[in-house]
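K.L.:
Please see the structure below; I have some questions.
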Amino acid sequence: MCIRDRYTDGLTEAGNTKGEEFGMERFENYMLKLNKASTVQEIISGLVKEVKAFAGKFNDDVTVLAFRFE
């Protein structure tokens, strides 16, 4: 399985109350722990949940595009 993704900076720059950003490291860790059977919709919705759990809400616009192929 291979995942290709594109996203706007609102995703990685989502900040929590401590002033920390979600960042690339958390994004990469999320992508690495994916189940190989995950659909693109599950990947994107899971990522949005992960960022919201970290930041509480988005303070900027967020666009996520993902492709999954074998």
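The values are calculated or read from the model by the stated rules, or taken from the named source; none is laboratory data. As the structure is a computational prediction, the values presented were derived from the model and not from experiment. Neighbour counts are summed over all protein chains in view; Cβ atoms, including those assigned to glycine, are modelled from backbone coordinates with ideal geometry. In case anyone asks, the SASA skips ligands and DNA or RNA and just uses the protein heavy atoms, side chains included. Shrake-Rupley method; radii C 1.70, N 1.55, O 1.52, S 1.80 Å.
K.L.:
Looking at Phe58, Phe69, Phe54 in this structure, which one is at pLDDT 95 or above and of a type in the set (Phe, Trp, Tyr)?
P.N.:
Phe54
K.L.:
Let me ask something else about it. Give all pairs with beta carbons closer than 9 Å in which a residue from segment 46-57 that is under 19 Å from Lys36 (Cβ atoms) meets a residue that is outside any helix (DSSP H, G or I) and open to solvent by 50 Å² or more (accessible area, probe 1.4 Å); count only pairs at least 6 apart in sequence or on separate chains.
P.N.:
These pairs meet every condition: Leu47/Tyr7.
K.L.:
Return the pairs, sorted by first residue and then second, in which the second residue is open to solvent by less than 30 Å² (accessible area, probe 1.4 Å), the first residue lies in segment 5-25 and is touching a residue at least 60 places away in the same chain (Cβ under 8 Å), the beta carbons are less than 7 Å apart, and the residues are 6+ apart or on different chains.
P.N.:
So the pair list comes out as Asp5/Ala66.
K.L.:
Also, quick follow-up: Taking segment 11-70 only, how many residues are outside any helix (DSSP H, G or I) and not basic (Lys, Arg)?
P.N.:
Filtering segment 11-70 for residues outside any helix (DSSP H, G or I) gives 13-22, 33-39, 56-70.
Applying the additional criterion that residues be not basic (Lys, Arg) yields 13-17, 19-22, 34-35, 37-39, 56, 58-67, 69-70.
Of the residues in that region, 27 qualify.
K.L.:
May I pose another question? Which residue, of Thr63, Thr8, Thr17, is open to solvent by 90 Å² or more (accessible area, probe 1.4 Å) and among the hydroxyl-bearing types (Ser, Thr, Tyr)?
P.N.:
Values: Thr63 fails: open to solvent by 90 Å² or more (accessible area, probe 1.4 Å); Thr8 fails: open to solvent by 90 Å² or more (accessible area, probe 1.4 Å).
Thr17 is the lone residue from the list that is open to solvent by 90 Å² or more (accessible area, probe 1.4 Å) and among the hydroxyl-bearing types (Ser, Thr, Tyr).
K.L.:
In addition: Can you report the number of residues in segment 31-43 which are within 17 Å of Thr63 (Cβ to Cβ) and either exposed (fewer than 12 other Cβ atoms within 10 Å of the Cβ) or at pLDDT 95 or above (or both)? Lay out the reasoning, then the answer.
P.N.:
So the first thing to find is which residues in segment 31-43 are within 17 Å of Thr63 (Cβ to Cβ), and the list is 31, 40-41, 43.
Subset that is either exposed (fewer than 12 other Cβ atoms within 10 Å of the Cβ) or at pLDDT 95 or above (or both): 41.
Of the residues in that region, 1 qualify.
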